[in-house]
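Data first, discussion second: the structure below is written as structure tokens.
The values are calculated or read from the model by the stated rules, or taken from the named source; none is laboratory data. What you see is a predicted model, and the numbers here were worked out from it, not measured in a lab. As a convention, Cβ positions derive from the backbone with ideal geometry for all residues, glycine included, and neighbour counts pool all protein chains shown. To get the accessible areas, we keep the full protein, side chains included, count just its heavy atoms, and leave off ligands, DNA and RNA. Shrake-Rupley method; radii C 1.70, N 1.55, O 1.52, S 1.80 Å.
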Amino acid sequence: MEGEGVQPLDENPENGSRPRFKWKKTLRLVVSGIKGAGMLLCLIYVCLQLSSSPAKDPPIQSLRAAVPRCENGQLFISSYKNEYQTMEVKNNSVVINCDGLYLIYLKGSFFQEVKINLHFREDHNSISIPMLNNGRRVVFTVVTSLAFKDKVYLTVNASDTLCEHLQINDGDLIVVQLTPGYCAPEGSYHSTVNQVPL
């Protein structure tokens with residue numbers, strides 16, 4: 001008598017487990033649909049990015065050059081021919097075509113005591129490079145802000161030797177742009193240099 005009016009749980013059609021099951025199934029379908037739509041949108045975005053022609057950023061400016069001798073009071077800069085180099089040497093100076101922060105690295109050894117100055121802008125003082133081994137060796141790194149129309153060059157002075165008689169060993173100069181900035185269109189450096197004094 002006690003259990004006459006009670007039906008087992010699995011036979012009770014009013015049991016809340018089936019509607020709950022339908023609700024969970026519906027929720028899973030909705031979540032799967034949202035995930036699928038998100039994946040589809042991501043795929044469309046990636047395809048559009050790959051198919052559209054991206055604006056070409058100018059390549060990072062860089063140069064590695066040998067410093068084999070001295071000429072007219074300046075260290076002679078001879079750039080290596082390399083497909084990855086994007087800067088050029090003109091009149092014994094590294095030409096700057098893009099604004100930004102640059103790393104400048106110089107190394108070399110001399111058979112005489114020398115003093116070297118780094119120049120990069122006409123209206124700024126040069127940087128006196130500290131020397132090692134009683135003024136006969138240089139390993140120097142600096143990060144500085146350079147701009148279009150700047151020119152990087154190195155002057156050298158030896159108290160008892162003419163510039164042309166200085167003997168340099170393993171002279172190497174590296175200039176690398178660290179941050180991108182405005183780049184002048186190709187060929188504009190030469191035309192503006194003649195029109196505007198530096």
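Scanning the range 59-90 for residues that are touching a residue at least 60 places away in the same chain (Cβ under 8 Å), part of a loop (DSSP other than H, G, I, E, B) and open to solvent by 70 Å² or more (accessible area, probe 1.4 Å) yields I60, R69, N72. Considering the range 169-198, the residues that are at pLDDT 90 or above and open to solvent by 30 Å² or more (accessible area, probe 1.4 Å) include one that is nearest to N117 (Cα to Cα), namely I174. The residue pairs whose first member lies in the range 139-166 and is under 11 Å from Q74 (Cβ atoms), whose second member is surrounded by fewer than 18 Cβ atoms within 10 Å (Cβ to Cβ) and of a type in the set (D, E, K, R), and whose beta carbons are closer than 6 Å, counting only pairs six or more residues apart or on different chains, are N157/K115. The set of residues in the range 127-148 that are farther than 24 Å from T161 by Cβ and either among the polar types (S, T, N, Q) or assigned to a strand (DSSP E or B) (or both) comprises T141, V142, V143, T144, S145, L146. Scanning the range 148-168 for residues that are of a type outside the set (D, E, K, R) and surrounded by fewer than 16 Cβ atoms within 10 Å (Cβ to Cβ) yields N157, S159, L162, H165, Q167. How many residues does the range 135-161 contain that are out of contact with any strand residue (DSSP E or B) (no Cβ under 6 Å at 6 or more places or on another chain) and among the aliphatic types (A, V, I, L, M)? Total meeting the criteria: 2. Looking only at the range 95-126, count every residue that is within 22 Å of the chain's Cα centre (by Cα) and not in a strand (DSSP E or B) and tell me the total. Summing the residues that are within 22 Å of the chain's Cα centre (by Cα) and not in a strand (DSSP E or B) in the range 95-126 gives 5.
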